Amino acid sequence: MQNARRDTNGNIAPGSVQLVTTSEDSYIQIENQSGQKQIVSKMVGGNANLKKGQSTSVDISKQLQHIVANPNINQNVENMLKKEVQQHQVVNQRNLQRALNDTRRNPQGFKGTDLR
């Protein structure tokens, strides 16, 4: 696989990574230092509203550079998800404790069912 074109600072150059959509396909393509374009990842389907031979493209170089420049971004997302899961576990634990307390106060349970 070829590397995407870089600017003088070594960052991914604007316009060098694009999401391209045709009437039949969607794919990510990169442009290397010599200007050659290469498809690096095919996506599912295209856009039926485009006529045959038409395409649209979106420059995703900036977003990709942000991910490359922030190696901890995946760790940050992972930590955020773990925190969210822990908060739900705490809430679920509280709800479980409340339910147990309710059954202790009302040992007959609901609808006359014995929960002892």
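None of the figures in this text is laboratory data; all of them are computed from the coordinates on show. Quantities reported herein were computed from a predicted structural model and do not represent experimental measurements. Methodologically, a virtual Cβ is constructed for each residue, glycine included, from the backbone with ideal geometry; neighbour enumeration extends over all protein chains shown.
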Problem set entry | Point-to-point label distance, residue 3-residue 29, nm (Cα→Cβ direction, 7 Å offset) | 2.2 nm
Exercise. Where Lys and Arg each count +1 and Asp and Glu each count -1, what net charge lies around residue 43 among other residues with Cβ under 15 Å from its Cβ?
Worked result: -1
